[in-house]
Amino acid sequence: MTLSEVLGPPVQRGQVIADLAPDRSPSAAPRLIQLPTAEVDAPRRRLQSLRAGPQRLLGVALLITVWEIASLAGWIRPQDLAAPTSVVSMGAHLLANGTLETALWASLQRVFWGLAVGVPLGAVLAVVAGLSRTGENLIDGNVQMLRFVPIIGLSSLFVLWLGVGETAKISMVAMGVMFPIYINTYAAIRSIDPRYEELADVVGLGRWGRVRRIVLPAALPGFLVGLRMAMAVAWLLLVFAEQINASSGLGYLIVQAQTYFQSNVIVVCLACYAILGLLTDVLVRTLERLFLRWQPGR
Amino acid sequence: MTVTSVSAAATIATDQAVLVRGLRRSFGSREVLRGIDLEIRREEFVALLGRSGSGKSTILRALAGLDKGATGEVFVPRQRSVVYQDPRLLPWARVLSNVVLGLEGEDATSRGRLALDEVGLRAHEDDWPKTLSGGEAQRVSIARALVREPDLLLLDEPFGALDALTRIRMHKLVVRLHKRHHPAVLFVTHDVDEAILLADRVLVLTDGRLSLDLPVQIDGPRLRSDPAFAELRARLLAELGVDELSEGAGPGRGHLHFANPIDVPDSEQEIVT
Ligand SMILES: Nc1ncnc2c1ncn2[C@@H]1O[C@H](COP(=O)(O)OP(=O)(O)OP(=O)(O)O)[C@@H](O)[C@H]1O
Ligand SMILES: [Mg+2]
């Protein structure tokens, strides 16, 4: 088939292409559709939002039930994955004898100190690099290069330098946290509308005024995105660090359990991580709601 | 270019707010301003017309002290304010904070409230800028300019993005504010009617030079139906290279056409919002 067969004869200038246009005679009135408005939509949406919570829980419950049944039926061996009931009773037991609290507390402290060092460090570096050419030249190249070095690969160096104590673990968390904070905050500062710079000139804002009234507020959304990523990275690195060398913490508990084939203890620890991750996410969301009220749709 | 405060130049007459001599500006090989001479008296309202791309904003930026690349002599008052076509409000600061941005002193807040009062937006002082309508946001930016009590107010197509009805309200507002605060005003626009309605004097920028400088002499309220208004419009349009009749749109050029007397002088008449 040739092209002209497909396309038909070429259209002449001024020719009316009647059969290409749909029938637009006045008798063919368009059918009207009702668009969703508040009244029309409200009952359905209320129902949806009412259902959302229970449905989510139901989903989780369903998974756990299947898991329990599979365990009871012997499809899953207990040494591979303990049944949910066994996990819960082990969790209760670990809580009762204080093992879980001690481990949690040790891990929480490490994450806290890692964040306490890494977050301000990343933020300050980003602000300095974002504000001055010199700062940018000195800092940004290094960070952009280092961010491609896997942090986990650096752990051996940290152990060489800092031994196996707390400092090595905290440093690793701090290091890992710094990058997402830096990269997102720096990008936010870089993308500030240059017209605000001119506005600052016109209203006579000084250097500190610019930082406080323009740069920092404009950087905040990026910083909070970085913070959320940082929280995830922090837990990830911590588990890793604790599994390599530690005598306390959730990661240590996991390694111990592994040695004694206690899959229920491992699952308890993993559940703890999941809960902590959720909690930190809620924390960042709350911060976002608090600080980004000016954004439409919040 | 040197932007100098008036006080620094003893040679300048005391009733002058702006003195520009031989202002030139090139971008690459293109010379946009080829020797601008401009004087604006204190309290004078001057409109600057010109085609798109003729360099109006470039002049205004030079007077604002924002252009470091122009050459020539520029004398302006220390207190200057700029209103842009976009309101340029900081989205993360509430309306009142935007108005008093960069102001110092403990009375800043109360002065900011007064300025918001004047533009009829006192009730919105705690709003976020993104929740304002276009006209409201522009009024906030006018309040931000006013609160600095400028001796020179620079307006760069401030109502270009507003609808015809809002523009009429804004014109009244600007006239009223000018009567009350009497700054010298340089009002950049491409709307000939707007220029005639508001200004004491209209300048036209053509090919990098001020090619026309006309006083607006219309007694009483400025009505578009006034023959003097029509004559002035015809002259300005001709200077801008637009033949009014052949454009076919007639007076108002496609804008909503209202008899629009500027009749709100010193009275404390409220702009209905
Ligand atoms: N920063 C810049 N770099 C390069 N060229 C520029 C710059 N600023 C302005 N120009 C050029 O100078 C000319 C005048 O620009 P200007 O913004 O002053 O025009 P204008 O009269 O304000 O136009 P409009 O009515 O469209 O706002 C334009 O051709 C523009 O491209
Ligand atoms: Mg312009």
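Any chance region B:69-78 includes a residue that's among the acidic types (Asp, Glu) and either closer than 23 Å to B:HIS178 by Cβ or within 14 Å of chain A (Cβ to nearest Cβ) (or both)?
no
Any chance you could count how many residues in region B:66-117 are out of contact with any Leu (no Cβ under 8 Å at 6 or more places or on another chain), touching a residue at least 40 places away in the same chain (Cβ under 8 Å) and more than 18 Å from B:SER141 (Cα to Cα)?
Result for region B:66-117: 4.
In region A:247-258, is there at least one residue being at negative phi, away from every other protein chain (no Cβ under 14 Å) and out of contact with any helix residue (DSSP H, G or I) (no Cβ under 8 Å at 6 or more places or on another chain)?
Within region A:247-258, the subset at negative phi is A:247-248, A:250-258.
Filter once more, keeping what is away from every other protein chain (no Cβ under 14 Å): A:247-248, A:250-258.
Now restrict to residues that are out of contact with any helix residue (DSSP H, G or I) (no Cβ under 8 Å at 6 or more places or on another chain): A:247.
Scanning region A:247-258, I find at least one residue that is at negative phi, away from every other protein chain (no Cβ under 14 Å) and out of contact with any helix residue (DSSP H, G or I) (no Cβ under 8 Å at 6 or more places or on another chain), so the answer is yes.
Within region A:184-195, does at least one residue satisfy the condition of being within 22 Å of A:GLY135 (Cα to Cα), away from chain B (no Cβ under 13 Å) and among the charged types (D, E, K, R)?
Yes: region A:184-195 contains one or more residues that are within 22 Å of A:GLY135 (Cα to Cα), away from chain B (no Cβ under 13 Å) and among the charged types (D, E, K, R).
Are any of the residues in region A:277-288 open to solvent by less than 70 Å² (accessible area, probe 1.4 Å) and over 20 Å from the mean Cα position of the chain (by Cα)? Working first, answer last.
As a first pass, look at region A:277-288 and keep what is open to solvent by less than 70 Å² (accessible area, probe 1.4 Å): A:277, A:280-281, A:284, A:286-288.
From what's left, over 20 Å from the mean Cα position of the chain (by Cα): none.
Scanning region A:277-288 turns up no residue that is open to solvent by less than 70 Å² (accessible area, probe 1.4 Å) and over 20 Å from the mean Cα position of the chain (by Cα).
Considering every residue within region A:205-224, establish whether at least one is more than 14 Å from chain B (Cβ to nearest Cβ) and under 27 Å from the mean Cα position of the chain (by Cα).
Narrowing region A:205-224 to residues more than 14 Å from chain B (Cβ to nearest Cβ): none.
So far as region A:205-224 goes, no, none of its residues is more than 14 Å from chain B (Cβ to nearest Cβ) and under 27 Å from the mean Cα position of the chain (by Cα).
So, in region B:27-50, how many residues would count as being touching a residue at least 40 places away in the same chain (Cβ under 8 Å), more than 7 Å from ligand 1 (Cβ to nearest atom) and more than 16 Å from the chain's Cα centre (by Cα)?
Result for region B:27-50: 6.
Conditions tested, residue by residue: (1) within 16 Å of ligand 2 (Cβ to nearest atom); (2) of a type in the set (D, E, K, R); (3) without any contact (Cβ under 8 Å) to a residue 12 or more places away in the chain.
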| residue | (1), (2), (3) |
| --- | --- |
| B:THR166 | no, no, no |
| B:HIS182 | no, no, no |
| B:HIS190 | yes, no, no |
| B:ASP193 | no, yes, no |
| B:ARG201 | no, yes, no |
| B:LEU205 | yes, no, no |
| B:LEU214 | no, no, no |
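Among the numbered criteria (1) on the phi < 0 side of the Ramachandran plot; (2) in contact (Cβ under 8 Å) with a residue 60 or more places away in the chain; (3) not acidic (Asp, Glu), which single criterion is violated by B:GLY120?
(1)
Mind checking which residues of region B:32-42 are open to solvent by 20 Å² or more (accessible area, probe 1.4 Å), closer than 24 Å to B:HIS171 by Cα and part of a strand (DSSP E or B)?
B:GLU39, B:ARG41
Taking only region B:57-66 into account, find how many residues are open to solvent by 10 Å² or more (accessible area, probe 1.4 Å) and within 16 Å of ligand 2 (Cβ to nearest atom).
5
Looking only at region B:45-56, count how many residues are buried (at least 19 other Cβ atoms within 10 Å of the Cβ) and either within 14 Å of another protein chain (Cβ to nearest Cβ) or within 13 Å of ligand 2 (Cβ to nearest atom) (or both).
Total meeting the criteria: 6.
Just to check your reading of the model, which residue among B:GLU157, B:GLU118, B:GLU136 is more than 14 Å from chain A (Cβ to nearest Cβ), of a type in the set (D, E, K, R) and within 16 Å of ligand 2 (Cβ to nearest atom)?
Within the list B:GLU157, B:GLU118, B:GLU136, the selection yields B:GLU157.
Exactly one condition in (1) near ligand 1 (Cβ under 9 Å from one of its atoms); (2) of a type outside the set (Val, Ile, Thr); (3) on the phi < 0 side of the Ramachandran plot is false for B:GLY53; which is it?
Against the list (1) near ligand 1 (Cβ under 9 Å from one of its atoms); (2) of a type outside the set (Val, Ile, Thr); (3) on the phi < 0 side of the Ramachandran plot, B:GLY53 comes up short only on (3).
In region A:60-105, what residues are assigned to a helix (DSSP H, G or I) and either at pLDDT below 90 or in contact with a Phe, Trp or Tyr (Cβ under 6 Å, 6 or more places away or on another chain) (or both)?
A:VAL60, A:PRO84
Do we have any residue at all in region B:78-94 that's within 14 Å of ligand 1 (Cβ to nearest atom), more than 17 Å from the chain's Cα centre (by Cα) and either within 21 Å of A:ILE192 (Cα to Cα) or crowded, with 20+ Cβ neighbours inside 10 Å (or both)?
No, every residue in region B:78-94 fails to be within 14 Å of ligand 1 (Cβ to nearest atom), more than 17 Å from the chain's Cα centre (by Cα) and either within 21 Å of A:ILE192 (Cα to Cα) or crowded, with 20+ Cβ neighbours inside 10 Å (or both).
Restricting to region B:154-169, and then to whatever is more than 18 Å from B:ALA64 (Cβ to Cβ) and in contact with a helix residue (DSSP H, G or I) (Cβ under 7 Å, 6 or more places away or on another chain), can you tell me which residue is least open to solvent (accessible area, probe 1.4 Å)?
The qualifying residue least open to solvent (accessible area, probe 1.4 Å) is B:PHE159.
The values are calculated or read from the model by the stated rules, or taken from the named source; none is laboratory data. Worth saying up front: this structure is predicted, and the values here are computed from it rather than measured. Note: ideal-geometry Cβ built from the backbone for every residue, glycine included; neighbour counts use all protein chains shown. Only protein heavy atoms, including side chains, enter the accessible area calculation; ligands, DNA and RNA are left aside. Shrake-Rupley method; radii C 1.70, N 1.55, O 1.52, S 1.80 Å.
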